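All remarks here apply to the structure that follows.
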Amino acid sequence: MDARDNVAIVANDGGLPAGTVLPSGLVLVDKVPQGHKVALADLAAGDAVRRYNVVIGRAARPIPAGSWVHERLLEMPAARSLEGLPIATVKPPEPPPLEGHTFEGYRNADGSVGTRNILAITTTVQCVAGVLDFAVRRIKAELLPQYPHVDDVVGLEHTYGCGVAIDAVGAEIPQRTLRNISRNPNFGGEVMVVSLGCEKLQPERLLPPGTFPIVDEREPELDVVCLQDEAHVGFMSMIDSIMESAKAHLERLNRRHRETVPASALVVGVQCGGSDAFSGVTANPAVGFCTDLLVRAGATVMFSEVTEVRDGIAQLTARAATPGVARDMIAEMAWYDAYLDKGRVDRSANTTPGNKKGGLSNIVEKAMGSIVKSGTAPITGVLSPGQRLADRGIARGLVYAATPASDFICGTLQLAAGMNLHVFTTGRGTPYGLAAVPVIKVATRSDLARRWHDLMDVNAGRIADGGASIEDVGWELFRLMLDVASGRRKTWAEHWKLHNQLVLFNPAPVT
Ligand code: CA
């Protein structure tokens with residue numbers, strides 16, 4: 001990955017046997033699995049092991065050149081202190097704007113643009129989930145066919161709302177997340193709520209007056225179906241109420257049409273999950289190249305996952321556009337360090353058995369591969385978990401949206417931030433999807449893309465095979481984004497209707 005590295009990874013499918021002679025003349029001492037590291041030089045105990053020109057660990061014992069450098073041979077370095085970081089020191093030359101790229105989207109009253117036209121039904125509490133699920137199935141079967149311009153109906157179900165310390169420190173995170181998800185650009189500003197009645201998170205608390213622009217003065221500002229309402233006699237009366245209420249929203253959504261908008265209206269969330277050693281070699285660099293294209297086109301790109309950038313914080317604070325952005329980023333890292341510390345763990349709790357099987361020895365190595373998704377542009381804004389871009393006055397550019405690395409929690413928080421398109425890279429493979437926003441999945445390895453041919457949208461493994469360059473795959477992804485955003489193409493997750501549940505980040509106590 002860098003000329004100064006003293007390890008490299010085996011790219012070949014199936015790995016390489018002991019005795020293999022590499023083009024450099026180096027002979028493999030051990031059988032090395034695909035994605036795993038080989039020592040390029042003799043390492044003494046305590047020597048720095050470098051990949052991406054970063055110390056990913058120290059040799060736990062002498063490692064001869066040509067050996068398999070597996071995770072047990074590496075001692076992980078301590079996390080970089082948050083003191084004395086470089087602040088906004090990197091000033092890359094301004095790249096030329098990328099003009100002339102458009103997609104077909106749905107314009108919203110608040111200026112945002114949707115990539116899908118979806119009726120979302122917000123819930124205040126988990127108690128109503130079963131009823132709403134029943135109602136949504138009937139709406140899809142009986143109502144949706146009458147509204148051909150509406151793509152889908154989605155129940156925003158979650159586990160929050162009652163049995164929680166609603167005024168605790170940290171409880172604002174799940175609450176603003178739910179509020180902001182209801183305002184996602186793909187929901188067209190329509191709001192409909194199903195509530196139980198006795199829950200802590202009352203509809204007026206979830207969506208206080210002023211949350212939505214008033215569309216029609218004759219309509220009540222908040223359209224709530226309350227299951228405990230005395231008017232409801234029997235289960236079917238609840239279902240009838242929800243279906244009746246849905247009709248009005250479907251009518252309005254059905255009147256919307258796609259129109260040509262500039263690519264700058266894209267708000268893309270990038271994430272990785274089920275990562276392997278190729279994530280940082282193929283898929284994430286291609287995403288990073290595409291991130292730069294999007295930023296040049298005036299779009300917004302969010303990258304996230306605190307524990308996966310913690311070890312690269314010095315690179316990120318250096319790339320901050322202003323000292324204020326760098327300070328905000330450090331504050332998010334410090335908050336998360338303290339959060340992990342309460343559970344007596346640190347960022348190293350991130351890595352999974354699959355990551356290690358895929359060749360990622362520790363979180364430092366994983367982070368170096370993960371951070372590449374952010375490309376090279378200056379970082380122009382920072383979001384705390386559950387915040388919306390508009391809450392921080394962010395209109396465009398590269399944004400660090402602080403979230404846990406958990407795929408579902410990160411996706412849920414990026415939805416709240418206002419994402420209208422999601423890009424997800426994977427090495428081990430995951431069928432991840434979201435109901436509210438199209439998810440483009442990028443495979444890091446050709447072997448995965450071949451086996452999961454009807455789940456992966458882009459094969460970045462061609463970069464390792466020599467079949468395509470990082471730039472080729474980056475442009476392919478950029479063009480695919482415009483097609484998917486326009487509704488001309490569906491992602492595989494959309495095709496199969498695969499989606500994960502919303503998972504809220506609640507760092508506060510439950511009762
Ligand atoms: Ca993730």
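Overview of results
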| quantity | calculated |
| --- | --- |
| Dipole in debye (nearest 20) - the range 333-403, about Cα centre, beta carbon charges: Lys, Arg +1; Asp, Glu -1 | 200 debye |
| The chain - percent relative contact order, Cα under 8 Å, separation 6 or more | 19 percent |
| Relative compactness, the range 1-77, computed as alpha-carbon Rg over 2.2 N^0.38 Å | 1.00 |
| Share of carbon and sulfur in the accessible heavy-atom surface of the range 77-130 [1.4 Å probe, %] | 56 percent |
| Radius ratio Rg over Rh of the chain, counting only Cα atoms, Kirkwood formula for Rh | 1.00 |
| Rg(Cα)/(2.2 N^0.38 Å) for the range 147-208, N = residue count | 1.25 |
| Residue-averaged 222 nm ellipticity for the chain, from DSSP H runs of 4+ at -39500 (n - 2.57), nearest 500 | -8000 deg cm²/dmol |
| Average accessible area per residue (Å²) across the chain - probe 1.4 Å, nucleic acids and ligands excluded | 40 Å² |
| Rg to Rh, two decimals, where the range 355-508 supplies the alpha carbon set and Rh follows Kirkwood | 0.95 |
| Net dipole in debye of the range 118-255 [+1 Lys, Arg Cβ; -1 Asp, Glu Cβ; about Cα centre; nearest 20] | 320 debye |
| Listed residues Ile239, Ile409, Ile470 arranged by accessible area, highest first, probe 1.4 Å | Ile470, Ile409, Ile239 |
| Spatial separation of Cα centroids for the range 462-496 and the range 217-265, in angstrom | 34 Å |
| Accessible surface of the range 357-457, 1.4 Å probe, proportion on carbon and sulfur as whole % | 53 percent |
| Computed P(r) (all Cα pairs; the range 280-424; 5 Å bins; percent) | 2, 10, 19, 24, 23, 14, 6, 2, 0 |
| Solvent exposure ordering (accessible area, 1.4 Å, most first) of Ile330, Ile139 | Ile330, Ile139 |
| Gained length - Ala141 relative to Lys497, 0.36 nm times residue gap less alpha-carbon distance | 126.6 nm |
| Overall dimensions of the range 118-255 by Cα: Rg and Dmax, Å | 14.5, 46 |
| Relative counts (whole %) of C-alpha pair distances in the range 61-117, using bins that are 5 Å wide | 4, 9, 9, 8, 7, 8, 10, 13, 12, 10, 7, 4, 1 |
| Equivalent ellipsoid semi-axes - Cα gyration tensor, the range 3-155, angstrom | 53, 25, 20 |
| DSSP loop GluC sites (Glu not before Pro) with at most 10 other Cβ within 10 Å excluded, longest remaining stretch of the chain | 231-511 |
| Cα centroid of the range 172-209 to Cα centroid of the range 27-55, whole Å | 51 Å |
| Segment Phe212-Asp465, extension gain: residue separation times 0.36 nm, minus the distance between their alpha carbons | 86.1 nm |
| Met76 accessible area, assembled protein chains, probe 1.4 Å, Å² | 70 Å² |
| Label-to-label distance, nm, for residues given as Ala65 and Arg488 (7 Å Cα→Cβ offset) | 5.2 nm |
| DSSP-defined antiparallel bridges as percent of all bridges, the chain, nearest 5 | 35 percent |
| Highest average packing first - 25-31, 484-490, Cβ atoms within 10 Å | 484-490, 25-31 |
| Reciprocal of mean inverse Cα separation for the range 48-93 (Kirkwood radius, Å) | 13.1 Å |
| Stretchable slack from Glu204 to Gln228, in nm (0.36 nm times residue separation minus alpha-carbon distance) | 7.0 nm |
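The values are calculated or read from the model by the stated rules, or taken from the named source; none is laboratory data. As the structure is a prediction and not an experimental result, all values here were calculated from the model. Because the Cβ atoms are built from the backbone with ideal geometry, glycine has one as well, and the counts that use them run over all protein chains shown. For the accessible areas, the whole protein counts, side chains as well, though only heavy atoms, and no ligand, DNA or RNA atoms are used. Shrake-Rupley method; radii C 1.70, N 1.55, O 1.52, S 1.80 Å.
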